[in-house]
1. Restricting to the stretch 1-21, name every residue that is charged (D, E, K, R) and exposed (fewer than 10 other Cβ atoms within 10 Å of the Cβ).
2. Against the conditions (1) at pLDDT 95 or above; (2) more than 23 Å from Arg22 (Cβ to Cβ); (3) surrounded by 10 or more Cβ atoms within 10 Å (Cβ to Cβ), where does Met87 fall short? Just the number, please.
3. Determine the pairs where a residue that is closer than 19 Å to Arg70 by Cβ, located within the stretch 48-60, has a partner that is part of a helix (DSSP H, G or I) with Cβ atoms under 9 Å apart, the partner being 6 or more residues away or on another chain.
Amino acid sequence: MAAHAEHWMQLPPERRAQIQQRMTRWAQMTPEQRRDAAHGEEAFRAMPETDRQRVLDAYRRFQSLTPEQRRMLMQRFREERRAHQGMGEQGQPPPPR
């Protein structure tokens with residue numbers, strides 16, 4: 001335990017703040033959300049290196065967008081997913097004709 005404390009104190013303040021934020025988010029998650037996050041991490045680590053790099057590059061590009069650009073992109077994604085799944089506006093199957 002002392003080794004962990006020593007390592008912690010050697011981290012830059014920004015890195016410690018980042019770790020604390022992640023720990024806070026994890027603590028606020030439901031058990032189901034934690035399971036999903038762990039599963040996603042396992043799937044990511046199981047990917048070939050080239051695929052992991054593509055995912056990281058896409059994530060970085062997404063993070064570089066403005067909040068409005070992100071919102072618009074996510075809206076477009078949801079609409080395309082609904083269309084692909086044959087879902088209506090509220091995520092429900094379209095009404096019969």
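1. Glu6, Glu14
2. (1)
3. Note: pairs meeting the criteria are Val55/Phe44.
Table: residues versus (1) at pLDDT 95 or above; (2) surrounded by 10 or more Cβ atoms within 10 Å (Cβ to Cβ).
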| residue | (1), (2) |
| --- | --- |
| Pro31 | yes, no |
| Arg35 | yes, yes |
| Pro48 | yes, no |
| Tyr59 | no, yes |
| Phe62 | no, yes |
| Met72 | yes, yes |
| Glu79 | no, yes |
| Arg82 | no, yes |
| Pro93 | no, no |
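The values are calculated or read from the model by the stated rules, or taken from the named source; none is laboratory data. Keep in mind that what you see is a predicted model, and the values were worked out from it rather than measured. Here Cβ is always computed from backbone atoms with ideal geometry, including for glycine, and neighbour counts include all displayed protein chains.
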